[in-house]
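First up is the structure itself, then whatever we jot down about it.
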Amino acid sequence: MSEVHRHLDRQPALLGGDSAFPTPIYVTRALAPDAEIFGQRTAGIFRSRWFTNDGPTVQELEELLAIRLGVSFCAAFASGTVALQTALRALDLSGEVITTPFTFPATVHAITWAGLSPVFCDVDPETYNVDVRRVEELISPRTSAILPVHVFGNPCDVLALEKLARSYGLKIVYDAAHAFGSSYLERSIGSWGDLTVFSFHATKIFHTAEGGAAVGQDPRLCERLASLRNFGIVNEEEVRGIGTNGKMSELHAAVGLAVLERSAEEVETRQRLAAYYDERLSAVEGVVLQRFPHEAIRNGYNFTIEIDARRFGLCRDEVHIALRAENIITRKYFSPLCSENESYRMLPSADPKKLPNAHRLASRILSLPLYGDLDFADIDRIVDALVALRTHAGKISEAIACRQ
Ligand SMILES: *Cc1c(COP(=O)(O)O)cnc(C)c1O
């Protein structure tokens, strides 16, 4: 009962009430590296003056990450994007790569930069990941690989994807930029597919400020990645293939070692906060939650909901504006879709009629704040603010219309 009163009494900021937070809170906040570890590591790097080129700090980080991710190798890169591009090159692909439009632009750009053609596949409306049945329909004689994304840390249907890839002779590269710390069937998310790519950008759970990695099990692929990220240099005598400069520097690896120390705790905290969001939001009419399969463990990378305008009383954009007045800065991940980008929208597979679920999601999704520095009381304030918007939906809608 007191819960209900708390919601009803709350006056939204757009209607003259106090903001839910005194200063803006954002969807994420970078995990702070352990300052002492970072200091020791950088002092060592300065002493040795070994700043890059497969130095000891990068090697140590790669070894620790391979263990953490349950894989036989981890090749560190300067960014997740260059790791994706290089992974696609390392597999000697050609022609078409089937991917999702519901992702960050880097996924699709990496395919194009690797000289390949992206083919967009519609997503499952509940998990937000590629719909495996649709993937099969898009396979053509030109298809060489599938590049699915574990969207918001939600593992794809990896068993079905791998069965499909085996029967058509396709490679799979997973974009696991969101999925550090997720697992499926008690196996780390990095252990599926031919290669799995992580982003270590500061906005990701584990980070190196800027960075990324490609992980896998086949040691020959590891060697190939190592030479391609270093201009294709194999040894003093030989340069093979069209390489790039994708190396992670020692200083970035030092950030990584100092963040890694705290990343397990960060994942646990985010998981608890995500579970609390689930519990509170499942009771809110008009809010639809992303479905995580029973076999999956989510990492709490972010918390994205759908606003069903008919049942909530406000559309997604109105909620986005009204929450901003509460100092709750939400993001519309992923809208616009990658298939709406001017470089891709002329592709036959980018036709909105072929991507109904992705378009519906893009018009409804809203990412809420989720990171380890938040606590249950913050989540309560966010959910209470959302509930108050629903209670006052008519007036909120008028207030927004007047401002525009
Ligand atoms: C962040 C991100 C990337 C790109 O990673 P960078 O390290 O920023 O290059 C790729 N794919 C997805 C889904 C991402 O969210």
Quiz item: Hey, can you rank 259-267, 172-180 by average C-beta count inside 10 Å, highest first?
Solution: 172-180, 259-267
Quiz item: For the stretch 108-209, what number results from the quotient of the Cα radius of gyration and 2.2 N^0.38 Å?
Solution: 1.06
Quiz item: Per-residue HN-Hα couplings for the stretch 317-326, Karplus 6.51 cos²θ - 1.76 cosθ + 1.60 at θ = phi - 60°, whole Hz, x for Gly and Pro?
Solution: 5, 5, 5, 4, 5, 5, 6, 4, 5, 8
Quiz prompt | Prolate/oblate/rounded call for the stretch 261-375, Cα gyration tensor, a/c under 1.5 rounded | solution = prolate
Exercise. Over the stretch 1-127, calculate the relative contact order: mean separation of alpha carbon pairs under 8 Å at least 6 apart, over the residue count, as a percent.
Key: 14 percent
Quiz prompt | Shape call, the stretch 1-113: gyration tensor on alpha carbons, a/c limit 1.5 | solution = oblate
Quiz item: To the nearest 0.05, what FRET efficiency results for V234 and E186 with a Förster distance of 35 Å applied to their C-beta separation?
Solution: 0.40
Exercise. Can you pull a Stokes-Einstein diffusion coefficient for the chain at 10 °C (1.306 mPa s), Rh from Kirkwood over Cα pairs, as a whole number of µm²/s?
Key: 71 µm²/s
Quiz item: Which translational diffusion coefficient, to the nearest whole µm²/s, is obtained for the stretch 322-391 from the Stokes-Einstein equation, given a Kirkwood hydrodynamic radius over C-alpha pairs, 20 °C and 1.002 mPa s?
Solution: 149 µm²/s
Practice problem: Using only Cα atoms, locate the centre of the stretch 163-207 and the centre of the stretch 82-158, then give the distance between them in Å, rounded to an integer. | Solution: 12 Å
Quiz item: So how far apart, in nm, are the two label points at D380 and R291 if each is 7 Å from Cα heading toward Cβ?
Solution: 3.3 nm
Quiz item: Regarding the stretch 140-197, what is the average projected area of its C-alpha convex hull, in nm²?
Solution: 3.8 nm²
Quiz prompt | lysines with Cα under 25 Å of K395, excluding same-chain neighbours fewer than 8 positions away | solution = K332
Self-check item: FRET efficiency, C402 to E342 (Cβ-Cβ, R0 45 Å, nearest 0.05)
Solution: 0.85
Quiz prompt | the stretch 1-148: antiparallel DSSP beta bridges as a percent of all, rounded to 5 | solution = 10 percent
Quiz item: Name the residues of the stretch 200-231 whose amide N is less than 20 Å from a point 7 angstrom out from the Cα of T23 along the C-beta direction?
Solution: 203
Exercise. Compute the length gained on full extension between E279 and S48: take 0.36 nm times their separation in residues and subtract their Cα-Cα distance, giving the result in nm to one decimal.
Key: 78.0 nm
Quiz item: For the stretch 56-166, rounded, prolate or oblate, judged on the Cα gyration tensor with a ≥ b ≥ c (square roots of eigenvalues), a/c < 1.5 rounded, else prolate if a/b > b/c?
Solution: prolate
Quiz item: Straight-line reach from K171: which lysines have Cα under 23 Å away, leaving out those fewer than 8 places along the same chain?
Solution: K163
Quiz item: Taking the radius of gyration and the Kirkwood hydrodynamic radius from Cα positions alone, what is the Rg/Rh ratio for the stretch 184-242, to two decimal places?
Solution: 1.07
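Taken together, the values in this text are just the output of simple stated rules run on the coordinates, not laboratory data. Note that the structure is predicted; figures quoted are calculated from it, not measured. Cβ sites come from the backbone with ideal geometry, for glycine too, and all protein chains shown count toward neighbours.
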